[in-house]
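**Q** For reference, the structure I am asking about is given below.
What follows is calculated from the coordinates using simple rules that are stated; it is not laboratory data. This is a predicted model, so every value here is computed, not measured. Cβ sites come from the backbone with ideal geometry, for glycine too, and all protein chains shown count toward neighbours.
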Amino acid sequence: VVITDFHDKVLAHSMVAGIPQGLLQANQKGSADTYTIQRIRSDEGIIREIRMPLENGTIGYIRVGLRESFMGQEMAARMQKFLLSTLLVCVVGALFSSRVTAMITNPLRSLADSARKIRDGKLDAAISVTGSDEVGMLGVVLQDMQSSLFKTNTERNQLVEELCHKEEMHKILLNKVITIQEEERQRISRELHDETGQALATLMLSMQIMADSALDEKQRKIIMGSSELAANTLQHIRSLAVELRPPLLDDFGFVAAVNKYITAFQTLHGIPVALQATGAESLVSAEINLALYRILQESLTNIAKHAAASLITITLIHEKNLAILEIADNGRGFDVSALKQAYQENHIGIFGMKERMELLGGKLEIQSEHGQGTTVRATVPTATEKGEQNG
Ligand SMILES: Nc1ncnc2c1ncn2[C@@H]1O[C@H](COP(=O)(O)OP(=O)(O)OP(=O)(O)O)[C@@H](O)[C@H]1O
Ligand SMILES: [Mg+2]
């Protein structure tokens, strides 16, 4: 710092080692009312100086200078301090913000985990609720949702269990009904065949004897007429007995019984039936034989009743522990989607076939369209799960 009078004569200065050379000569053309800045070369290096007039130059001037090298050092030192403190603030700021972020996101993440567990059906997992803020409220709502879902789930499981039990009972009952019905049919069939059939045969024989010893021709004709009636009735009773329980089915197998049934059907309805059977004679159990036979009976009856067909094709295949019976006609066909309605109106033939197949672990499919004929396909496994033969 140098203070001069208005003639640039030094009045005072702060330099211990004296005023550097060239300093006073430089920066002398100062204005009286404003300051001037100059870069001055001296024997101590480059100096930056500001020169200000005191009382508009009437007293003199004050000149304040600093060595550039000193300024550089000072600037570098200050810059270093500034950078260090900035870095420190940044680190502290980052630590603080990550802590704050963790405080906000951790509860949210834990809630998201809980929501994911609920989605996956783990309804007994604990949900932690932290605080009474929005996140805490969300946790409480999630807890409520979880407990109401748990309740609904438990109720639904109970209902499903009850339903399964009822379904099981339904199957057992249906099985029983079918078995009882079949036994009853068998009993009536045997009775018709053995008792009523025998009685009629005896009656016919007696009438024959009576006709032989008739008193006149008129009497003989009446007796012969009655005998003929008895013979027709006997025939009817025999076919009814066969319809109720075909003896061939148990004694000679499925194909023999079907063949006999088809022959009678063709004669009665005049519709030709073609049968193709592969591997079916020996392997099917009595239970399956009977079920398939009933399906054939119902299908042929349906064709005679509803189809107005001119040809029926029956295919029976038994291979790889699976029996497939297919009955196809070329009749008028029908809308399969209307079957539910038909069932509600007490047309239960097809429904009964389906139930029978399902009881045996099989299925019944029907393909039909107006004018395109109908195909009924029954598929049933003929071996148990262990690979044993059924029946
Ligand atoms: N082969 C067929 N061709 C055309 N229509 C058929 C045939 N089979 C079934 N249907 C139709 O499907 C309906 C339902 O058949 P389903 O056997 O269940 O009852 P149904 O024969 O009318 O009466 P039920 O068998 O109870 O004595 C029939 O009423 C008929 O309209
Ligand atoms: Mg029917």
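**Q** Bin all alpha-carbon pair distances of the chain at 10 Å intervals from 0 and give each bin's fraction as a whole percent.
**A** Reading the bins upward from 0: 4, 12, 13, 10, 8, 7, 6, 5, 5, 4, 3, 5, 7, 5, 3, 2, 1, 1, 0.
**Q** So, in Å, what gap is there between the alpha-carbon centers of segment 210-271 and segment 176-201?
**A** Answer, in whole Å: 16.
**Q** Divide by every residue of the chain the summed helix terms, -39500 (n - 2.57) for each DSSP H run of at least 4, and state the resulting mean residue ellipticity at 222 nm, rounded to the nearest 500 deg cm²/dmol.
**A** Numbers: 9 runs with 210 residues, N = 391.
Only helices count here, giving -19000 deg cm²/dmol.
**Q** Please find the FRET efficiency linking Lys218 to Leu240, where r is the Cβ-Cβ separation and R0 is fixed at 30 Å, and quote it to the nearest 0.05. Mind dumping the intermediate values first?
**A** Working: r = 33 Å, r/R0 = 1.11.
Efficiency at R0 = 30 Å is approximately 0.35.
**Q** As a test of the definition: which semi-axes, in Å, follow for segment 114-196 when you take the square root of five times each eigenvalue of its alpha carbon gyration tensor? Largest first, please.
**A** Values: eigenvalues 746, 13, 7 Å².
Gyration-tensor ellipsoid for segment 114-196: 61, 8, 6 Å.
**Q** In nm, give the distance between the simple-model label positions of Phe150 and Glu134, each being 7 Å from the Cα along the Cα-to-Cβ direction.
**A** Placing both labels 7 Å beyond Cα along the Cβ direction yields 2.8 nm.
**Q** Rounded to the nearest 20 debye, what is the charge dipole size of the chain about its Cα centre when +1 sits on each Lys and Arg Cβ and -1 on each Asp and Glu Cβ? Don't jump to the answer; show the numbers that get you there.
**A** On the way: 40 positive and 47 negative charges, 368 e Å.
Here the chain has a charge dipole of around 1760 debye.
**Q** OK, next. Report, for the chain, the % of DSSP beta bridges that are antiparallel, rounded to 5. Walk me through the intermediate numbers first.
**A** Working: 44 of 50 bridges.
Within the chain, antiparallel bridges account for around 90 percent of the total.
**Q** Next up: What are the ³J(HN,Hα) values, in whole Hz, obtained from phi via the Karplus relation 6.51 cos²θ - 1.76 cosθ + 1.60 with θ = phi - 60°, for each residue of segment 128-137 in sequence order, with x given for Gly and Pro?
**A** 8, 10, 10, x, 10, 7, 4, 5, x, 4
**Q** Got a sec to turn the phi values of segment 346-359 into Karplus ³J(HN,Hα) couplings, 6.51 cos²θ - 1.76 cosθ + 1.60 with θ = phi - 60°, whole Hz, x for Gly and Pro?
**A** For segment 346-359, the Karplus-derived couplings read 6, 8, 10, x, 5, 4, x, 5, 4, 4, 4, 5, 5, 4 Hz, x marking Gly and Pro.
**Q** Let me ask something else. Could you sort out which of Lys260/Lys320; Lys166/Lys305; Lys122/Lys340; Lys151/Lys354 sit more than 30 Å apart by Cα distance in this structure? Don't skip to the end; give the middle numbers.
**A** Numbers: Lys260/Lys320 27 Å; Lys166/Lys305 35 Å; Lys122/Lys340 40 Å; Lys151/Lys354 37 Å.
The answer is Lys166/Lys305; Lys122/Lys340; Lys151/Lys354.
**Q** Which residues in segment 327-357 place their backbone N less than 17 Å from a point set 7 Å from the Cα of Ala308 along the Cα-to-Cβ direction?
**A** 329-335
**Q** Given H placed 1.01 Å from N in the peptide plane, which residues other than close sequence neighbours of Phe334 have an amide H under 5 Å from its amide H?
**A** Glu369, His370
**Q** Just going by the charge dipole of the chain, with Lys and Arg at +1 and Asp and Glu at -1 on Cβ, which of Pro107, Gly349, Val129 is farthest out on the positive end?
**A** The one lying farthest along the dipole's positive direction is Pro107.
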